[in-house]
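Notes to accompany the following structure.
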Amino acid sequence: MKSFAPDWISPPGDTIMDLLEERGWSQVDFATRMGMSLKHINEIIKGKKGISNDTAVKLERVLGSTAEFWLNRELQYQQSLARISEAKRLGSWDSWARQFPIRELMKAGYLTKQNITHNNLVAIVDELLRLFSIASPEEWDSTYAKMSGSFRCTRPDQSDTIAISSWIRLGEIVVENVNSPKYNQSSFVSSLEEIRSLALSPFQDIENNLKEICLKSGVVLVIVPSIPRARVSGVTRWVKSQPVIQLSLYGKSNDRIWFTFFHEVAHLLKHDRKEIFLDEFDGKGLDIPEEHEADNWAADFLIPSKYFKELHKLKTEKAIIEFAKKVNTHPGIVVGRLQHEEFIKQSQMNHLKVSYQTESHISSN
């Protein structure tokens, strides 16, 4: 990768001196022809004074080329100075950058793949700032660190604000490129039974269809593979007036994916827009009423409570498949519910679940 800034820069004075040498003029001769003081000319040559519009016109007359050439030469010089100055600032933020899951972001295609060395960190810092659309770490603190005050977590170890914010930001990038209609809650509620029926198929076969159904009601569904240390299966949040459900597909089995999706739907329909609900499928340890409510709503929506008494009787593969047909859902979802209720062991009937591979979905597009 090219370095962030050149190691050297050339002021317009270098070009002026080359032309003076060709003509055999001294700086005194040149100052006289330009109608300027020797001191002023000397400062222009050394890059201490810039070339103004008036000076550019005079240079055009005395040395040739055009006023635009001289103004562009000055602009390039000033831009080079600014980049070198900025490179020094970026280099001072390397400790900030090292807190991010840099390797994972490189793997996902959001940062340029390169060795994480001191020399490369200037470019890495610059890419991180561009990724988050911020000017400096201070703006990151006021935008994303501040956001953590709205986090509602399902487990006590969801404390890595930087990893979580990175995962959330990747979802924001997708949302920024989605043209969504205004949110219509009644329309979305009406579509939930249709969405539930999609669970009969492998998730990878219906992912785009699910996104389209949600989008018709103004709900943006985003799939962003999980990032280490974030420990997030799903998040519900509002971006301005736009509801966003973001899934990491952590766990990859269809029972987890669908439970997490409907858990996030419950947050969307029932809870405060100002809060950001961060959920982990096996989140245990924090007693949060909103999470219990979302858990119960999702469980009942996938397998209605009127069928609960029948669950403990399901001990064989045949019985599970027949029950799944009865409630119009996938056998893997029934297995996940049975394991959660401890009616069967976690090791039982897992072959009825469908796994979903996220590797092919790791992309910045």
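The values are calculated or read from the model by the stated rules, or taken from the named source; none is laboratory data. Everything numeric here is computed off the predicted structure, so don't read it as measured data. Please note: Cβ atoms are built from the backbone with ideal geometry, for glycine as well, and neighbour counts cover all protein chains shown.
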### Task
Would you check which residues across segment 41-63 are loosely packed, with under 13 Cβ neighbours inside 10 Å and either closer than 23 Å to Ile9 by Cβ or of a type in the set (A, V, I, L, M, F, W, C) (or both) and list them?
Lys46, Lys48, Asn53
### Query
Which residues, taken from segment 312-326, are outside any loop (DSSP other than H, G, I, E, B) and under 43 Å from the mean Cα position of the chain (by Cα)?
Glu317, Ile320, Ile321, Glu322, Phe323, Ala324, Lys325, Lys326
### Failed item, numbered, when Phe259 is tested on (1) in contact (Cβ under 8 Å) with a residue 40 or more places away in the chain; (2) in a helix (DSSP H, G or I); (3) more than 28 Å from Met349 (Cα to Cα)
(3)
### Query
What about Arg231, is it outside any strand (DSSP E or B), at pLDDT below 90 and either closer than 24 Å to His292 by Cα or charged (D, E, K, R) (or both)?
yes
### Summary
Those residues of segment 79-98 which are exposed (fewer than 14 other Cβ atoms within 10 Å of the Cβ) and under 22 Å from Pro228 (Cα atoms) amount to Ser95, Arg98
### Message
Take Asn296 and tell me if it is loosely packed, with under 15 Cβ neighbours inside 10 Å and touching a Ser or Thr at 6+ places or on another chain (Cβ under 7 Å).
### Response
no
### Task
Quickly run through segment 233-243 and pick out the residues that are within 16 Å of Trp167 (Cα to Cα) and either surrounded by fewer than 24 Cβ atoms within 10 Å (Cβ to Cβ) or touching a helix residue (DSSP H, G or I) at 6+ places or on another chain (Cβ under 6 Å) (or both).
Ser233, Gly234, Thr236, Trp238, Val239
### Task
Given the conditions (1) over 24 Å from Val335 (Cα atoms); (2) not in a helix (DSSP H, G or I), report the number of the one that Leu249 does not fulfil.
(1)
### Message
Return the pair list, or none, for Cβ contacts closer than 7 Å from residues in segment 186-206 that are within 18 Å of Val222 (Cβ to Cβ) to residues that are surrounded by 15 or more Cβ atoms within 10 Å (Cβ to Cβ) and of a type in the set (Ser, Thr, Tyr), at least 6 apart or on different chains.
### Response
Phe188/Ser217; Ser191/Ser217; Phe203/Tyr356; Gln204/Tyr356
